[in-house]
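First comes the structure, then the notes that go with it.
The values are calculated or read from the model by the stated rules, or taken from the named source; none is laboratory data. Note that the structure is predicted; figures quoted are calculated from it, not measured. Don't worry about glycine lacking a Cβ; one is built from the backbone with ideal geometry, like all the others, and counts go over all protein chains shown. Accessible surface is based on the protein model in full, side chains and every heavy atom, while ligands, DNA and RNA are left aside. Shrake-Rupley method; radii C 1.70, N 1.55, O 1.52, S 1.80 Å.
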Amino acid sequence: MMRATEQPPAQSPSPVPPDTTPDPDPDFVLQRILVVEDLEDTRTSMRELFRVALNLEVDTAEDGQQALTMLGQKPYSLVITDLRMPKVNGMQLIEEIQNRKLPVTIIVTTGNGGVSDAVKAMRMGAYDFLTKPADPEHLIVLVQKALRARALQDEVTALREQVRGRHTFRNVLSKSPKMHDVFELIGHVAPTQSTILIVGETGTGKEQIARAVHEASGAHRSGPFVPINCAALPDTLLESELFGHEKGSFTGAATQRKGRFEYANHGTLFLDEVGDVPASMQVKLLRVLQERKFERIGGSETIEIDVRVIAATNRPLEKMVKDGIFREDLYYRLNVIKIILPPLRERPEDISVLAAHFTQKYSRPGQPPALIQPDAMQILLEYDWPGNVRQLENAIERACVTAKNGVILASNLPADLVKTNSSGKSQMQVDLARSLPEQLSELTASFEERYLRRALKKTRGHVGKCARISGLSRRSITDKIAHYQIDKKEFKQD
C-alpha cells in the first residue's frame, strides 16, 4: 500500500483512443427551446423544467433584443416569451420573427391582466398563450403539443424540398423503392423505340409515367407527346382520331384531317385504356404497329411514321386474351416492355410527399400552402386509397378549399376517409373494477407503442427520422424502443 506522502510512479501517456463517436444523423433536427423572460428566477425555473421533463436543449434570453441575436445564431423550434420586457418587448419580438420568416413556433406568457395582449399576439402569429404563474403540468403539455406541431411543419417543409429535389423524376413524385425501380427502367428504355405497356389500377398515374418516358427520350425523339383515351370514343370516331380522314370520306368530313399517329410522328403516341379498343380496331392498330404505316380513312396514300407507342390499361389483358376479347398478337406487340405501377397502398411512404405537393398545388393565391395537422395526416396514412393518387389529390384539394386559417383538420377531409379510419379503431373495454388512471395508462402505452412501430416502419428503423416525426428527442425514442422491446431490425428489412 502506498503512503500518503508517496507519489504514484510516472506513467507514460496512454495513446489517445480512436474517435468512435458516430457521425451526426443529417436528417435528425434537434428541437431547441428559447425562453425569453426578464425575471431571472422564472428563466431558470423554466429552463430546468424543460430539461428535466422533456430532455430538451433550452437557452434563455433576458429580453427580445438578446433573443433576436440568438435566433440569428442557431435554429430554435419553440420560443416562449413574456410580453412585457425592456428594450424589445414580446410584441416587437413576434413581429420581427414574422418579418424574418423564421421557422419557429411562439408561445407567449402574460400576467392575469394581459389576456387581451396575448390574444393580439396570437393574431400576429403566436401559437398559444398562458397566464402567470404557469402550472408546470399544463405548461409541459402545451410545449409538447407545440413541438409536435413544429415537427410536422418542419417535416412538410422538408417534404416540399424533397418534391423539388431528389424525389422528383421527370415530374413524377415518389420516394418509394418500388417507384425508383420504375424510374430506373424508364432510363433504360428511353433511348429505344420499343413499345411500352403500362399496367396499374385507376389513378396510379399511368399518363404521368408515359410523359416521363417521352421526356426521358427527348434526346432521341423530337416530336410531341400525343395522348388519346381509347375508351372515350366510339369505333368510327376512334379510327378517325387515330388515322385521320380525307375530305368527303364520310358524312361530315368537310375537310382533310390528320390523325394522332401523324401528329405524333418522331414523338410518342399514348394509347390510354387500350384494353377498351374494340375488336374491329384491334386489327388496324396491329397493322400500324407492325408496318409503321397506314392510310387515312377514304384515302389511298400510304403514310409512313416514326412513332413510339405507349399503351396503358387497368384491365387484365392476359385474361382478356384467354377469353377471346383481346387479340393475342396485338397484346404481345404492345407488351414489349411492361411497366407495372404499384397502387398507393403499396407505397405508403409517398402519401406524405404527394400530400405536401398537392397542398402547394391547391394553395390559395398569395397564401402559403395549408398545413396538415397530425390527426389529419394520420388518417391519410392509414387509408387504403382505392382510387390511388387521383383520389388523394381530390381529397387534398377539398381539404385546401374548406380549411380555415391555412390549417387542414380531420374534419376538412372527405367523410368517407374519416369514417373508414374511425370504424377501423378498436375500443378498449371499460372495466369498472379497475381504476381509471390504471386503464388510461394502459391505453396510452398501447397507443404509444403502436405509434412508435408505425413511425419506425415508415422510416425503416431510422431512430433520427422517427424522432423528427414524433417531435421527441432521439434519446427519448431510444429509451421507448428499449422499454417496449422493439427490434429495429425487423423494420430495416422492409
Open item on the list: I'm trying to understand the selection: among the residues of the stretch 70-93, which are modelled with pLDDT under 90 and among the β-branched types (Val, Ile, Thr)?
Closed with: VAL88
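Go through the stretch 329-413 and tell me which helices (runs of 4 or more DSSP H), entirely inside it, have 2 or more residues that are over 12 Å from the mean Cα position of the chain (by Cα).
Details: elements: 349-361, 374-382, 388-402.
Correct list: 374-382, 388-402.
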Open item on the list: Any residue in the stretch 293-314 that is under 20 Å from GLY218 (Cβ atoms) and modelled with pLDDT of 90 or more sitting within a Cβ distance under 9 Å of a residue that is assigned to a strand (DSSP E or B) and of a type in the set (S, T, N, Q)? List the pairs, counting only those 6 or more apart or interchain.
Closed with: VAL307/THR268; ARG308/THR268; VAL309/THR268; ILE310/THR268
Task: Among the candidates SER473, SER441, residue that is hydroxyl-bearing (Ser, Thr, Tyr) and modelled with pLDDT under 85 - done: SER441
Open item on the list: Here's a check for you: in the stretch 234-276, which residue that is of a type in the set (Lys, Arg) and not in a helix (DSSP H, G or I) is nearest to the chain's Cα centre (by Cα)?
Closed with: LYS258
Open item on the list: Residues that are in contact (Cβ under 8 Å) with a residue 24 or more places away in the chain and over 29 Å from SER473 (Cβ atoms): does the stretch 119-131 have at least one?
Closed with: yes
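Which one is most open to solvent (accessible area, probe 1.4 Å), of the residues in the stretch 36-68 that are among the acidic types (Asp, Glu) and within 20 Å of ALA126 (Cα to Cα)?
Looking at the filtered set, the residue picked out is GLU62.
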- [ ] Report whether or not LEU71 is part of a helix (DSSP H, G or I) and either within 34 Å of the chain's Cα centre (by Cα) or buried (at least 19 other Cβ atoms within 10 Å of the Cβ) (or both).
- [x] yes
Task: Positions within the stretch 387-410 being at pLDDT 90 or above, on the phi < 0 side of the Ramachandran plot and not hydrophobic (A, V, I, L, M, F, W, C), in sequence order - done: GLY387, ARG390, GLN391, GLU393, ASN394, GLU397, ARG398, THR402
- [ ] Collect the residues in the stretch 326-358 that are out of contact with any helix residue (DSSP H, G or I) (no Cβ under 6 Å at 6 or more places or on another chain) and basic (Lys, Arg), keeping them in residue-number order.
- [x] LYS338, ARG345
- [ ] May I ask you to list the residues in the stretch 94-120 that are closer than 19 Å to GLU62 by Cα and at pLDDT 80 or above?
- [x] ILE94, GLU95, GLU96, ILE97, VAL104, THR105, ILE106, ILE107, VAL108, THR109, THR110
TODO: Those residues that are of a type in the set (Phe, Trp, Tyr) and farther than 28 Å from GLY244 by Cα, I need them from the stretch 171-230; list them, please.
DONE: PHE183
Open item on the list: So in the stretch 235-278, with the set limited to residues that are of a type in the set (S, T, N, Q) and surrounded by 15 or more Cβ atoms within 10 Å (Cβ to Cβ), which one is nearest to HIS214 (Cα to Cα)?
Closed with: THR268
Open item on the list: For the stretch 198-233, give me each residue that is assigned to a helix (DSSP H, G or I), among the aliphatic types (A, V, I, L, M), in contact with a strand residue (DSSP E or B) (Cβ under 7 Å, 6 or more places away or on another chain) and within 14 Å of LEU271 (Cα to Cα).
Closed with: ILE209, ALA210, VAL213
